[in-house]
Each structure stands twice: as C-alpha cells, then as structure tokens.
Amino acid sequence: MTAHPLFDISGRTALVTGSGRGIGLALARGLAEAGCTVVLNGRDTGRLAEAAAELPGDVRTAVFDVTDGPAVAAGIAEAEERVGPLDILVNNAGMQLRAPLLEFTDRDWHRILDTNLTSAFLVGREAAGRMTERGHGKIINICSLQSEVVRPGIAPYAATKGGLKMLTKGMCADWGPYGVQVNGLGPGYIETELTRPLVTDGEFSAWVRRRTPAGRWGLPRDLVGGLLFLASAASDFVNGQMLYVDGGMTSVL
Ligand code: NDP
C-alpha cells in the first residue's frame, strides 16, 4: 500500500533553520526521507556538514545567523540560486534562557526575542517575497506549548512563542491570498540539548511524565508526522492554525 498522493512532497525544496541538531535536524531528516531536497541552516559550518552527511538524499547547507537581516537576505538569495526555489520553509531556530523575570537582563531579553521571534519575521519575509510571487509555498513556524501556557522562570521565552503564534496568523492574513500557507507546530516537552537541564532534573522529569497524558517526554521524531502534513498539499486549506504535538499536555489540567 502506498501513501495518499496528497502527502507526496518528493521533489520539493525545503529550508529548515537551526537544523544542525535537535528538533531541526529531526525535521530535516523527515523531509529528506520524504524525498525533499533539504537545505540545513545554522551558524556552525562544521556541525552542519556533519549533519548533512548523516541524512539521506540531496542535502545542502546554508550558514547564516537568522537574527541578522542582511545575512538572512543574502543566505536565502544564495540558497535559491544554488539549490532552486524554496517550496517549504521551517522556522525552527530558537533558544531558551531560564531566569526569574525580576533578574532578567535587557541584553538577554533582546537576545531571546531576536532569536525566537524576529528571526521568523526576517527569514519568513525573505522567503515569502519569493513564494508569493510564484503563487505557492508552505511556511511552518515552530512554536511551543508555551505559546499557550507558561511556568515561572520562562516568561520571556513564552512571550516569544506567544508572539510567534500571532505572527503565524498575521503571515496567513498577508500571504494566504497569494497561495502561501503558514501554520504553527507546537512541540510539548521534547528531549534535546535545549531541555537537557530539565531532562536531567529527576523531579521535573517525573512531573513532565505525570502531567503528559502520553506519560513520557517527546522525542524530536514525534514532530515529523505533523510537519509532513503541514508541508504537503494535504493541508492546502489549513492556514494560520496551530498544531500542538505535546502528548496531550495543553488539553488536560
Ligand atoms: P536546540 O538548542 O537543540 O537547537 C537549536 C538550534 O537553533 C540549533 O541548531 C542552533 O544552531 C539553532 N540556532 C540558534 N540560534 C541561531 C541563530 N541565531 N541562527 C541560526 N541558527 C540558530 O533546540 P531544540 O531543537 O530543542 O529546539 C528547536 C526549536 O523548537 C526552538 O525554536 C525551540 O524553542 C522549539 N521548541 C523546543 C521544545 C523542546 O522541548 N525541546 C519545546 C517547544 C519548542 P547553532 O547554534 O549551531 O547555530
């Protein structure tokens, strides 16, 4: 039995930001396994080359900092010239800074806002300029369970992810009429470098398992199914939506 043709994305070209490790790498692998030409992005040339070597198929790299407007413009232009028109953009690059809000510095506030929110605006605007001209494109913004709920010590992160949810809806409003679908994928607690301090904290880790109806931490590959749906023609009439992939956590008290 073969997959339904609506989900066939073979031959498409996809850029995944922050894909040298963690969730971005798993999403890039999923797209490569589905037959896409994948462009990996990050700031570390060596790490990207290693990641590219582990993935199947046609995998390229584009080294640029997603918070740097001119570097983003040059990076997207160069990627399209070298690899071809981008059909799919995954805005995944992000970071976490955990600290009580009263102690949070101006510098860290701007850093997390630039990395998690401004980056999606910069890369999204650059890619969408080209997608809207061509009349089609898929943009998936990696939001978070913290686009909806928060806990002490991560208010700035939650503000960036809540902002990214609304940016997703705004992108849908502006670019939907030109054939571009923009949706958010909201991971729950997923084991990566970003969450290592939480995974290794026995008490916190047990709380995550108790609090999640699925009874476990998520793995980066848990996010691939949702991404493939949002990247394919199966979601052509789905726009400005959030898909939470969190083992049920956001639905249950
Ligand atoms: P990791 O810390 O493992 O990876 C983050 C990635 O982002 C790295 O590849 C890093 O690459 C890249 N990155 C960071 N800053 C920049 C930048 N300025 N320019 C280009 N690339 C950058 O995090 P995760 O894989 O856990 O998270 C990925 C996304 O998923 C983030 O947006 C995160 O907020 C979100 N998320 C994660 C959850 C989790 O539980 N792990 C839950 C909900 C959402 P490099 O440093 O090499 O440049």
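Kindly provide the set of residues from segment 12-27 that are open to solvent by 10 Å² or more (accessible area, probe 1.4 Å) and not β-branched (Val, Ile, Thr), ordered by number.
Arg12, Gly18, Gly20, Arg21, Gly22, Leu25, Ala26
Please find, among Ala62, Ala77, the residue that is closer than 29 Å to Asp174 by Cβ and open to solvent by 30 Å² or more (accessible area, probe 1.4 Å). First the steps, then the outcome.
Details: Ala62 fails: open to solvent by 30 Å² or more (accessible area, probe 1.4 Å).
Within the list Ala62, Ala77, the selection yields Ala77.
Any idea which residue in segment 1-11 is nearest to the ligand (Cβ to nearest atom), counting only those that are at pLDDT 95 or above and either among the aliphatic types (A, V, I, L, M) or open to solvent by less than 10 Å² (accessible area, probe 1.4 Å) (or both)? I'd like the intermediate steps shown before the answer.
So in segment 1-11, the residues at pLDDT 95 or above come out as 4-11.
Subset that is either among the aliphatic types (A, V, I, L, M) or open to solvent by less than 10 Å² (accessible area, probe 1.4 Å) (or both): 6, 9.
Values: Leu6: 26, Ile9: 21 Å.
Ranking the qualifying residues of segment 1-11, first place goes to Ile9.
So the check is Cβ under 6 Å with 6+ separation or different chains; which pairs have a first residue in segment 28-55 that's hydroxyl-bearing (Ser, Thr, Tyr) and open to solvent by less than 10 Å² (accessible area, probe 1.4 Å) and a second one that's assigned to a helix (DSSP H, G or I) and at pLDDT 95 or above?
Sorted first by the residue in segment 28-55, then by its partner, the list stays empty.
Go through segment 10-27 and give me each residue that's outside any loop (DSSP other than H, G, I, E, B) and of a type in the set (S, T, N, Q).
As a first pass, look at segment 10-27 and keep what is outside any loop (DSSP other than H, G, I, E, B): 13-16, 22-27.
Within segment 10-27, just Thr13 meets the criteria.
Can you name the residue in segment 12-31 that is more than 12 Å from the ligand (Cβ to nearest atom) and among the aliphatic types (A, V, I, L, M) and is also nearest to Glu191 (Cα to Cα) among such residues?
So in segment 12-31, the residues more than 12 Å from the ligand (Cβ to nearest atom) come out as 12-14, 29-31.
Going one step further and asking which of them are among the aliphatic types (A, V, I, L, M), we end up with 14, 31.
On the way: Ala14: 24, Leu31: 20 Å.
Checking each candidate, the answer is Leu31.
With the checklist (1) crowded, with 20+ Cβ neighbours inside 10 Å; (2) outside any helix (DSSP H, G or I) in hand, flag the one item Phe237 doesn't pass.
(1)
What number goes with the only condition from (1) more than 9 Å from the ligand (Cβ to nearest atom); (2) in contact with an Asp or Glu (Cβ under 6 Å, 6 or more places away or on another chain); (3) not small (Gly, Ala, Ser) that Arg60 does not pass?
All conditions are met except number (2).
Does Glu126 count as within 27 Å of Phe237 (Cβ to Cβ), more than 9 Å from the ligand (Cβ to nearest atom) and buried (at least 16 other Cβ atoms within 10 Å of the Cβ)? Show your work before the answer.
Numbers: within 27 Å of Phe237 (Cβ to Cβ): yes; more than 9 Å from the ligand (Cβ to nearest atom): yes; buried (at least 16 other Cβ atoms within 10 Å of the Cβ): yes.
Yes.
Please find, within segment 80-101, the residue that is nearest to the ligand (Cβ to nearest atom) out of those that are among the β-branched types (Val, Ile, Thr) and open to solvent by less than 10 Å² (accessible area, probe 1.4 Å).
Step one: list which residues in segment 80-101 are among the β-branched types (Val, Ile, Thr), which gives 83, 88, 90.
Keeping just the survivors that are open to solvent by less than 10 Å² (accessible area, probe 1.4 Å) gives 88, 90.
Working: Ile88: 16, Val90: 10 Å.
The selected residue is Val90.
Within 16 Å of the ligand (Cβ to nearest atom), in a helix (DSSP H, G or I) and in contact with a Cys (Cβ under 7 Å, 6 or more places away or on another chain): is that true of Leu164 in this structure?
On the way: within 16 Å of the ligand (Cβ to nearest atom): yes; in a helix (DSSP H, G or I): yes; in contact with a Cys (Cβ under 7 Å, 6 or more places away or on another chain): yes.
Yes: the conditions hold for Leu164.
Considering only segment 138-164, state which residues are over 25 Å from Thr105 (Cβ atoms) and surrounded by fewer than 20 Cβ atoms within 10 Å (Cβ to Cβ).
Result: Glu148, single match.
Filter segment 93-131 down to the residues that are in a loop (DSSP other than H, G, I, E, B) and of a type outside the set (A, V, I, L, M) and list them by number. Before you say what the answer is, go through the steps one by one.
Step one: filter segment 93-131 for residues in a loop (DSSP other than H, G, I, E, B), giving 93-100, 104-105.
Matches in segment 93-131: Gly94, Gln96, Arg98, Pro100, Phe104, Thr105.
In the set Arg196, Arg216, Arg209, Arg221, which member is part of a loop (DSSP other than H, G, I, E, B) and within 16 Å of the ligand (Cβ to nearest atom)? Give the derivation first.
On the way: Arg196 fails: part of a loop (DSSP other than H, G, I, E, B); Arg209 fails: part of a loop (DSSP other than H, G, I, E, B); Arg221 fails: part of a loop (DSSP other than H, G, I, E, B).
Within the list Arg196, Arg216, Arg209, Arg221, the selection yields Arg216.
Out of all the residues in segment 216-230, is one or more free of Cβ contacts under 8 Å to residues at least 40 places away in the same chain, over 20 Å from the mean Cα position of the chain (by Cα) and farther than 27 Å from Leu167 by Cα?
Yes, because at least one residue in segment 216-230 is free of Cβ contacts under 8 Å to residues at least 40 places away in the same chain, over 20 Å from the mean Cα position of the chain (by Cα) and farther than 27 Å from Leu167 by Cα.
The values are calculated or read from the model by the stated rules, or taken from the named source; none is laboratory data. Everything quoted here is computed from the prediction, not taken from an experiment. Note that each Cβ is placed from the backbone with ideal geometry, even for glycine, and that neighbours are counted across all protein chains shown. We work out accessible area using only protein heavy atoms, side chains counted, and drop any ligands, DNA or RNA first. Shrake-Rupley method; radii C 1.70, N 1.55, O 1.52, S 1.80 Å.
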